[in-house]
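Right, one structure below, let's go through it.
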Protein chains: 2
Amino acid sequence: MKYDVLPLTRLVEQFERLPGIGKKSAQRLAFHVLDMPKEKAQQFANTILEAHEKIKKCAVCQNLTDQEVCQICQDQQRDRSIICVVEDPRDVIAIERTQEYTGLYHVLHGLISPMNGVGPDQLSVRELLERMKDETVGEVIMATNPTVEGEATAMYLARLLKPMNVKVTRLAYGIPVGGNLEYADEVTLYRAIEGRSEI
Amino acid sequence: MKYDVLPLTRLVEQFERLPGIGKKSAQRLAFHVLDMPKEKAQQFANTILEAHEKIKKCAVCQNLTDQEVCQICQDQQRDRSIICVVEDPRDVIAIERTQEYTGLYHVLHGLISPMNGVGPDQLSVRELLERMKDETVGEVIMATNPTVEGEATAMYLARLLKPMNVKVTRLAYGIPVGGNLEYADEVTLYRAIEGRSEI
């Protein structure tokens with residue numbers, strides 16, 4: 001006979017559906033949530049609901065925000081002549097961590113991928129082209145991932161943007177800082193040689 | 001300037017508080033929850049609340065259940081003469097997985113640990129002694145973990161139970177199945193020799 005405490009099983013299942021959480025971790029997380037004081041568990045549940053309710057896409061750059069226009073787009077200190085195009089809101093966080101980039105962003109929310117039935121219409125391409133009407137934009141950096149889809153999306157957008165009299169650039173390829181030549185793959189190494197600069 | 005989408009930050013923080021979830025995983029989980037359809041997120045939040053509301057301790061064995069008396073205690077097929085004492089509801093799940101044990105359980109919800117200020121009163125010891133009044137109980141298996149606290153708790157309970165005219169046993173120590181003598185620690189190996197059986 002199989003014994004089943006349904007509410008507990010359901011909680012374990014919910015955690016199991018999260019990415020990177022296996023059966024054992026899901027069980028551990030479920031028990032942890034059960035062990036929480038009631039208010040803490042309520043707070044956890046509310047935070048999930050609140051995030052879903054309040055977070056939406058910025059009307060300008062499509063990054064996630066709880067305002068109409070996100071803080072980055074609102075910030076008058078930032079360089080409004082550069083737009084960095086990324087796949088995902090997480091990429092914005094990664095680039096912001098460098099504390100070096102002061103321009104604006106545009107989040108595509110995906111990459112063109114005919115295999116998965118994702119075309120430009122499913123991404124925020126129209127919104128990007130709309131922003132080009134603002135004459136202050138002088139450069140668009142393609143910061144999509146260096147994968148097949150990332151490259152294809154960058155190429156596609158570059159072709160659309162170039163006639164609009166804007167400089168289109170791509171992130172540099174090369175060996176990662178702290179990396180090891182020995183372990184770099186051929187394509188990366190080739191790109192690193194190709195993109196060499198004078199010292 | 002630091003940009004902050006508060007509902008998102010709060011969600012990441014909630015996940016970060018879970019055991020074994022670091023900063024990166026918490027971010028990934030938060031974004032995953034945000035990407036869920038609204039109903040799925042609602043379901044997730046409700047499952048957390050429901051589990052907290054419905055799950056309580058079984059009136060008999062103190063295991064977690066959504067009923068007054070848990071399914072194992074209710075099951076008349078099980079051997080009511082043996083009670084297996086464990087630290088935690090997870091241990092019940094582990095032992096049930098063997099599909100070999102058919103007796104009942106008693107969940108202590110912790111171990112005696114003077115260092116952490118946990119004495120017998122904080123555990124379900126009183127409830128265990130209460131169950132001894134039932135004359136059908138002939139054996140109590142101490143299945144606490146083989147740690148200092150687990151051993152101490154087992155010894156403490158054994159001393160309480162023995163005068164009650166009940167057989168008290170302890171799980172066998174030894175090398176784990178599939179294990180390797182070479183990597184077994186000395187105490188385990190010594191206990192394995194001590195507990196050897198004829199073949």
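The values are calculated or read from the model by the stated rules, or taken from the named source; none is laboratory data. Predicted model only: the values in this text are computed from it and were never measured. Ideal geometry is used to build each Cβ from the backbone, glycine not excepted, and the neighbour counts take in all protein chains shown. Protein only, heavy atoms only, side chains kept; ligands, DNA and RNA dropped before computing areas. Shrake-Rupley method; radii C 1.70, N 1.55, O 1.52, S 1.80 Å.
Using a probe radius of 1.4 Å on heavy atoms only, what accessible surface per residue do you get for region B:1-65? Whole Å² is fine. All intermediate terms of the calculation are to be shown ahead of the outcome.
Values: 3330 Å² over 65 residues.
Accessible surface, normalised per residue, equals 51 Å².
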FRET efficiency, residue A:77 to residue A:194 (Cβ-Cβ, R0 41 Å, nearest 0.05): 0.70
Degrees between helix B:38-54 axis and first principal axis of chain B (Cα, 0 to 90, nearest 10): 30
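If contacts are Cα pairs under 8 angstrom and at least 6 residues apart, what is the relative contact order of chain B in percent?
Numbers: 220 pairs, mean separation 25.6, N = 199.
Taking the mean separation of contacting Cα pairs over the length of chain B, I get 13 percent.
Counting Lys and Arg as +1 and Asp and Glu as -1, what is the net charge of the other residues whose Cβ lies under 12 Å from the Cβ of residue B:80? Spell out each step's value before the answer.
On the way: positive: B:78, B:131; negative: B:75, B:79, B:134, B:135, B:139.
Residues near residue B:80 contribute -3 overall.
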Label-to-label distance, nm, for residues given as residue A:151 and residue B:172 (7 Å Cα→Cβ offset): 6.0
Axis-proximal residue, chain A, for the rotation superposing A on B (Cβ, Å): A:45, 2
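What are the GluC sites (Glu not before Pro) within region A:113-199 that DSSP puts in a loop, where the Cβ has at most 16 other Cβ atoms within 10 Å?
Details: sites: A:127, A:130, A:135, A:139, A:149, A:151, A:182, A:186, A:194, A:198; in loops: A:135, A:198.
Those satisfying the criteria are A:135, A:198.
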For residue B:170, distant residues with modelled amide H under 5 Å away: B:142
Summed side-chain charge close to residue B:165 - residues other than residue B:165 whose Cβ falls under 12 Å, Lys, Arg +1, Asp, Glu -1: +1
Long-range HN-HN contacts of residue A:138 with modeled amide H, under 5 Å: A:82
Distance violations [Cα-Cα > 24 Å] among A:2/B:133; B:2/B:23; A:56/B:38; A:54/B:24; A:167/B:2: A:2/B:133; A:167/B:2
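Residue B:46 to residue A:187: FRET efficiency via 1/(1 + (r/R0)^6), r the Cβ-Cβ distance, R0 56 Å, to the nearest 0.05? Write down the numbers at each step before the final one.
Details: r = 48 Å, r/R0 = 0.85.
With a Förster radius of 56 Å, E is 0.70.
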Nearest-ten-degree value, helix A:23-35 long axis tilted from longest Cα axis of chain A: 60
Per-residue HN-Hα couplings for region B:104-112 [Karplus 6.51, -1.76, 1.60; θ = phi - 60°; Hz; x = Gly/Pro]: 9, 10, 9, 9, 7, 6, x, 10, 5
10 Å Cβ neighbours from other chains, averaged over peptide B:8-21: 5
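How would B:36, A:164 line up by accessible area, probe 1.4 Å, largest first? Kindly include the intermediate steps, with their values, before the conclusion.
Working: B:36 30, A:164 85 Å².
So the residues, ranked largest to smallest area, are A:164, B:36.
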Region B:1-84: GluC sites (Glu not before Pro) falling in loop per DSSP and having at most 14 other Cβ within 10 Å: B:68
Whole-number percent relative contact order across region B:1-86, with pairs defined as alpha carbons under 8 Å at least 6 apart: 12
Estimated vicinal HN-Hα couplings, Hz - region B:59-72 in sequence order (Karplus 6.51, -1.76, 1.60; Gly, Pro = x): 5, 9, 9, 6, 6, 6, 7, 9, 10, 5, 10, 5, 4, 5
Per-copy distances of the residue A:3 label point, shortest first, in nm (7 angstrom along Cα→Cβ): 5.2
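Quick one: net charge of residue A:4's neighbours, Cβ under 14 Å, K/R +1, D/E -1? Please report the intermediate quantities before stating the final value.
Values: positive: A:2, A:10, B:54, B:97; negative: A:13, B:66, B:75, B:96.
Taking every other residue near residue A:4 into account, the sum is 0.
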Pseudo-label separations to other copies for residue A:148 - Cα-to-Cβ vector, 7 Å, nm: 5.8
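About its Cα centre, how strong a charge dipole does region A:119-199 have in debye, to the nearest 20, once Lys and Arg get +1 and Asp and Glu get -1 at the Cβ?
Working: 9 positive and 13 negative charges, 58 e Å.
Value, rounded to 20: 280 debye.
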Helix A:89-98 axis, angle to chain A major axis (alpha carbon atoms, nearest 10°): 70
Calculated label separations, residue B:77, copies of the chain, 7 Å along the beta-carbon direction, nm: 6.9
Loop-located trypsin sites (Lys or Arg not before Pro) in region B:130-199 whose Cβ has at most 13 other Cβ within 10 Å (DSSP): B:133, B:196
Highest-MSF residue in chain A out of A:169, A:147, A:136 [GNM, Cα springs under 10 Å]: A:147
